[in-house]
1. Are there helices (runs of 4 or more DSSP H) fully within the chain with at least 3 residues that are modelled with pLDDT of 95 or more? List them.
2. Working only within segment 24-68, note down all residues that are within 17 Å of Gln91 (Cβ to Cβ), in contact with a strand residue (DSSP E or B) (Cβ under 8 Å, 6 or more places away or on another chain) and of a type outside the set (Ser, Thr, Tyr).
3. Counting only residues that are more than 11 Å from the chain's Cα centre (by Cα) and hydrophobic (A, V, I, L, M, F, W, C), how many does segment 61-95 have?
4. Hey, can you tell me all the residues within segment 40-94 that are in contact (Cβ under 8 Å) with a residue 60 or more places away in the chain and surrounded by 14 or more Cβ atoms within 10 Å (Cβ to Cβ)?
Amino acid sequence: MPTLTGRPISHLVIPGLALLSWGNKLTKENYDKIQEGMSQPEVYNLLGRPTQKAAYSLNGLSGTQTLWKKSGKTVTILFTDNQVRTKTYIQDDEQPSAQPAK
């Protein structure tokens, strides 16, 4: 097996493959799987790490507004008590699709 500094090259290739799959998680298909009441870890598993997070407070409710942005797609999810309350998907060439999570 070929080596680089005494380590098999496969040790270098596999982490790179993991990064490629992480980059493809922000899809409409994964967005559609998100349902009201899902936990933050469940959503992160579907979409990957968010681009931004910010605390919010609105009409007596508080939680986290979480944003994913990549390749012209933006997903915004509002979490209250660490559960999905609303979600929005925007593709740069489309009108926003805001809706309560199902």
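The values are calculated or read from the model by the stated rules, or taken from the named source; none is laboratory data. Predicted model only: the values in this text are computed from it and were never measured. In this analysis, Cβ positions are derived from the backbone assuming ideal geometry, glycine residues included, and neighbour counts consider all displayed protein chains.
1. Working: elements: 10-23, 28-33, 40-47.
Fully inside the chain and qualifying: 28-33, 40-47.
2. Scanning segment 24-68 gives Leu26, Lys28, Ile34, Leu47, Leu67, Trp68.
3. Going through segment 61-95 one residue at a time, the tally reaches 5.
4. At the first step, the residues of segment 40-94 found to be in contact (Cβ under 8 Å) with a residue 60 or more places away in the chain are 89, 91.
Once the filter is applied, which keeps residues that are in contact (Cβ under 8 Å) with a residue 60 or more places away in the chain and surrounded by 14 or more Cβ atoms within 10 Å (Cβ to Cβ), segment 40-94 yields only Tyr89.
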